[in-house]
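Engineer: Mind looking over this structure? Questions follow.
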Amino acid sequence: MSGDAALGPIRVLDLSSLYAGPYIATLLGDFGADVVKVEHPRGDDARRWGLSKADIPLWWKTISRNKRLISLDLHDEADRAVARRLAVEWADVVIENFRPGRLEKWGLGYADLASENPGLVMVRVTGFGQTGPYRDRPGFGTLAEAFAGFAAITGEPDGPPTLPPFGLADGVAALTGAYATMVALYWRDTNGGRGQMIDLSLYEPLLSILGPQVTEFTQTGVVQQRQGNRSGRTSPRNAYRTGDDRWVALSGGTQQVANRIMAAIGRPELAEDPRFSTAAARRANADELDKIVADWIARTTQADVLAAFEAVEAPIAPVNDAQSLAVDPHVRERGSIVDLPDEDLGTVTTAGLIAKLSATPGRIRHTGRVPVGADTDSVLAELGMGRRPSPLPVPPHPATSSALPRPWDDLVTDTDRQTIQRSAFGRRVGLGSRPALVVIDAQNYMVGPPPGSTHDYPSACPSAAPALPVLRGLLDHARSLGVPVFYTQWTVAPDGGDIGVYGRKRDLLTTQGWALEGSEGARIHDSVAPRPDDIVMVKKKPSGFHGTPLLGLLIDRGIDTVIVTGGATSNCVRATAIDSASYNFRTIVVEDCVFDRIDVSHRIALFDLDRQFADVMLADDVMVALSTAVSGRTA
């Protein structure tokens, strides 16, 4: 163990994704722990958060620093066996953030692992904890920030509750999780070697740092309200605009500090003013005091404000952004921000270690590595195992010529349909644990007129009629399980605005109002109409991902499987499925819930999709798989 690696003997298996769990592992790795990060073969969702440069995910460079990367699909039995061996033969700590009960279904729960590795510490991160009536609810940091009470007290008094523009709840939970891990390891190593499970919700660490608001309410009935940048506990306290259009922030936390602020703005006599001479008086006259401070700062440059406050030792700080932080001499000298060599970008500038330890300072040994499973060979070699192939082959890029339709009609006979439905050219994709249903172009002009209509829609697909009742059954089943449903459709705006690649069909589809926004033809067919909780989006290209927020919504909800239905199989359905696969979602096309104008095109498209991009399944099989996936996620 090197002198800077206090946690050098500790080995951490990170099974979690996104922010809170992975950041716990990052914090431990910064101080020497050997961290093995397990990713799904499509890559952790954190790779798709934030900005990239030359297809290099920038946040990934920070959140995955000091980690070795291996690729396992825990839905696969053989890969679960590898994860189990790492947990029971190698790890001191396992970090996970699956829904409560999911790991138990896989035989990877704490009791299962601790029976073979009694010294194991398992950190279980969820939105609402492992117990209680909300334990099965999905949870993200945004929900925790609302649920814990943070959003309710943040923002302007006459404005809405305000959420932070970064992962506050995740970050606070990660700091708490790292602390709890060290407590558990200390107890293990000083009390006989027994590990324990850490039940860490996202909302409770945030709730714990929000101050005494619950205590005050239960004792006085007072509910803390939003006050912008002001505080009900002291005054002055605010962010103030300077004369050169910059900002500073200050807080008069004690009477002595408040007196120094009054001296800094050239008004030392205010310290003797009865309105401002005590904490209670300053709170009662906060508007007046705030205005006095704000007026002086508004007439003064930021540099002169900071100098005046420094002269009398009154606390104040500039409101920095990333640009000013990157060059701040104090930040640089302390290593709060550091420049690191990087194999992809040359140099990466990132936040340094969060604490300065005198004997074991820790260090960033390397930035996050980009290739998924980059260290699989070396990690598995430590267990005496060879490399396993990735369970999800990377699909061909949709722009390649291999993705174009081929004249395979004679191959796709009725006799072969079971092959299309139930077999694969290689390993099947299967459903993950968080599926979503996407309905493409189920509008009247595509599926046929609703009952009682006097319109004729030559654009309608004949195969839609038998598909609609099957689709309706699938929709009802998905909704009953809480599976999110998204509709993407194409319509023409009444003002004749941009209609994307459909422009060449404008005259055809608008002359008789077939797809005009608000018309009967543009309306989704009544039999498969969206419900209030469903999301409907308008697209400009065949793929449901183009010109819509679909990708962001799927990522935000943690979706891993996209089930594609609707029309037309050879065009919009096919484009959506290919895009879904290229974004590394597990992709299912429901054969008896998709339709096309030409049967040959329909069958060729299904054959091609099943061959290289997706699983083509029957609705009955999809419904069984949905029930299994969702029950496994929430059991």
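The values are calculated or read from the model by the stated rules, or taken from the named source; none is laboratory data. Not measured: the values here are computed from a predicted model. Cβ placement follows ideal geometry from the backbone for every residue including glycine, while neighbour counts extend to all protein chains displayed. Only protein heavy atoms, including side chains, enter the accessible area calculation; ligands, DNA and RNA are left aside. Shrake-Rupley method; radii C 1.70, N 1.55, O 1.52, S 1.80 Å.
Engineer: Farthest toward the dipole's positive end in the chain, which of F486, T176, S52, given Cβ charges of +1 (Lys, Arg) and -1 (Asp, Glu) about the Cα centre?
Structural biologist: Comparing the listed Cα positions along the dipole, T176 ranks first.
Engineer: Sticking with this structure for a sec: Grab the Cα-Cα distance for T349 and F217, subtract it from 0.36 nm times how many residues apart they are, and report the gain in nm with one decimal.
Structural biologist: Separation in residues times 0.36 nm, less the Cα-Cα distance, equals 43.1 nm.
Engineer: Over 31 Å between Cα atoms: which of K67/K105; K105/K356; K61/K356; K37/K540; K53/K539; K53/K540 fall into that group?
Structural biologist: K105/K356; K37/K540
Engineer: So, counting K/R as plus one and D/E as minus one, what does the shell of residues with Cβ under 14 Å around D287 add up to?
Structural biologist: Result for the neighbourhood of D287: +3.
Engineer: Over region 151-240, what is the relative contact order in whole percent, taking alpha-carbon pairs under 8 Å and six or more residues apart?
Structural biologist: Contact order relative to length: 37 percent.
Engineer: Still on this model: Expressed as a whole percentage, what fraction of the accessible surface of the chain belongs to carbon and sulfur atoms when a 1.4 Å probe is rolled over the protein heavy atoms?
Structural biologist: 55 percent
Engineer: Hey, another quick one. Can you run phi through the Karplus equation (6.51, -1.76, 1.60; θ = phi - 60°) for region 547-561 and list ³J(HN,Hα) in whole Hz, with x for Gly and Pro?
Structural biologist: x, 10, x, 4, 4, x, 5, 5, 5, 4, 8, x, 5, 10, 9
Engineer: What residues qualify as long-range amide H neighbours of V594, i.e. H under 5 Å apart, gap of 5 or more or another chain, H built at 1.01 Å from N?
Structural biologist: Here G566 satisfy the definition.
Engineer: Related question: Label region 297-392 by shape, choosing from rounded, prolate and oblate, from the square roots a ≥ b ≥ c of the eigenvalues of the Cα gyration tensor; if a/c is under 1.5 it is rounded, and otherwise prolate applies when a/b is larger than b/c, oblate when it is not.
Structural biologist: Prolate.
Engineer: How large is the accessible surface per residue of the chain, computed with a 1.4 Å probe and reported in Å² as a whole number?
Structural biologist: Averaged over the residues of the chain, the accessible area is 45 Å².
Engineer: Right, next: Could you state the number of Å between the C-alpha centres of region 207-236 and region 313-384?
Structural biologist: 35 Å
Engineer: Sticking with this structure for a sec: How do S208, S71 stack up against each other in accessible area, from largest to smallest, with a 1.4 angstrom probe?
Structural biologist: S208, S71
Engineer: Considering the dipole of the chain built from charges on the beta carbon (Lys and Arg +1, Asp and Glu -1) around the Cα centre, which of T376, I292, T587 is farthest to its positive end?
Structural biologist: Farthest towards the positive pole: T376.
Engineer: Quick one: 3J(HN,Hα) in Hz for region 293-302, Karplus 6.51/-1.76/1.60 with θ = phi - 60°, rounded, Gly and Pro as x.
Structural biologist: Computed from phi, the couplings for region 293-302 are 5, 4, 5, 5, 5, 5, 9, 10, 5, 4 Hz.
Engineer: A follow-up question, please. Between the DSSP loop rule and a limit of at most 16 other Cβ atoms within 10 Å, which GluC sites (Glu not before Pro) in region 232-318 are left?
Structural biologist: E313
Engineer: Give the ranking of W49, W490, W296 by solvent-accessible surface, highest area first, calculated with a 1.4 Å probe.
Structural biologist: W49, W296, W490
Engineer: On to the next question. Within region 304-324, find all residues whose amide N lies under 12 Å from a label point positioned 7 Å from the Cα of D244 along Cα-to-beta-carbon.
Structural biologist: Under 12 Å, as judged by backbone N against the label point of D244, lie 304-307 of region 304-324.
Engineer: Percent antiparallel among DSSP beta bridges with both residues in region 1-141, to the nearest 5?
Structural biologist: Restricted to region 1-141, the bridges split so that about 10 percent are antiparallel.
Engineer: Pull up the DSSP beta bridges for the chain and report the antiparallel fraction as a percent, rounded to 5.
Structural biologist: Here the antiparallel bridges make up roughly 25 percent for the chain.
Engineer: Kindly sort E39, E520 by accessible area of their heavy atoms, largest first, with the probe set to 1.4 Å.
Structural biologist: The most accessible residue leads, giving E520, E39.
Engineer: For region 185-333, what class follows from the C-alpha gyration tensor (a ≥ b ≥ c being the square roots of its eigenvalues): rounded when a/c is under 1.5, otherwise prolate if a/b is larger than b/c, else oblate?
Structural biologist: Cα axes put region 185-333 in the oblate bin.
Engineer: Over region 519-635, what number does the Rg to Rh ratio reach, with both radii from the alpha-carbon atoms and Rh per Kirkwood?
Structural biologist: 0.96
Engineer: Still on this structure, please answer the following. Explain nothing, just the number: dipole magnitude of region 62-137 about its Cα centre with +1 on each Lys and Arg Cβ and -1 on each Asp and Glu Cβ, in debye rounded to the nearest 20.
Structural biologist: For this selection, approximately 360 debye.
Engineer: Which value, in Å² rounded to 10, gives the accessible area of R472 with a 1.4 Å probe and all protein chains present?
Structural biologist: For R472, the solvent-accessible surface is approximately 100 Å².
Engineer: Sequence gap at least 6, Cα distance under 8 Å: using those rules, report the relative contact order of the chain to the nearest whole percent.
Structural biologist: Computed value for the chain: 13 percent relative contact order.
Engineer: If you don't mind, there's one more thing I want to ask. D556 accessible area, nearest 10 Å², 1.4 Å probe?
Structural biologist: Here the residue's solvent-accessible area equals roughly 90 Å².
Engineer: Once amide H atoms are placed 1.01 Å from N in the peptide plane, what residues at a sequence separation of 5 or more from A6, or on another chain, have their amide H within under 5 Å of its amide H?
Structural biologist: Residues meeting the criterion, in which the H sits 1.01 Å from N, are G362.
Engineer: Report, by chain and number, residues whose modeled amide H sits under 5 Å from the one on V536, excluding near sequence neighbours (fewer than 5 apart, same chain).
Structural biologist: Correct list: Y487.
Engineer: Any idea of S358's accessible area? Nearest 10 Å², probe 1.4 Å.
Structural biologist: 120 Å²
Engineer: Would you kindly calculate the translational diffusion coefficient of the chain, applying Stokes-Einstein with the Kirkwood radius from alpha carbon pairs, for 4 °C and a viscosity of 1.567 mPa s, and quote it in µm² s⁻¹ without decimals?
Structural biologist: Approximately 46 µm²/s, per Stokes-Einstein.
Engineer: Still on this structure, I have one more. Let me have the 222 nm mean residue ellipticity of the chain computed from DSSP H runs of 4+ only, each contributing -39500 (n - 2.57), with the sum over all residues rounded to the nearest 500.
Structural biologist: Helix contribution divided over all residues of the chain: -9500 deg cm²/dmol.
Engineer: Would you work out the charge dipole size for the chain about its Cα centre, treating the Cβ of every Lys and Arg as +1 and the Cβ of every Asp and Glu as -1, and quote it to the nearest 20 debye?
Structural biologist: Dipole size: approximately 520 debye.
Engineer: Pull out the extension gain between D287 and I56, defined as 0.36 nm times the separation in residues minus the alpha carbon to alpha carbon distance; nm, one decimal.
Structural biologist: So the chain would gain 78.3 nm between D287 and I56.
Engineer: Which of rounded, prolate or oblate describes region 215-262 when judged by the alpha-carbon gyration tensor and an a/c cut-off of 1.5?
Structural biologist: oblate
Engineer: Moving on to the next point. Given charges of +1 on the Cβ of Lys and Arg and -1 on the Cβ of Asp and Glu, with all other atoms neutral, how large is the dipole of region 277-358 about its Cα centre, in debye to the nearest 20?
Structural biologist: 400 debye
Engineer: Spelling out what I want: for every residue of region 30-47, take phi, set θ = phi - 60°, compute 6.51 cos²θ - 1.76 cosθ + 1.60 (Karplus), and round to whole Hz; glycine and proline get x.
Structural biologist: Running phi through 6.51 cos²θ - 1.76 cosθ + 1.60 with θ = phi - 60° gives 4, 10, x, 4, 8, 9, 10, 9, 8, 10, 4, x, 7, x, 4, 4, 4, 5 Hz.
Engineer: Would you mind calculating the gained length between V338 and A78 on full extension (0.36 nm times residue separation, minus the Cα-Cα distance), in nm to one decimal?
Structural biologist: Result: 89.5 nm gained on full extension.
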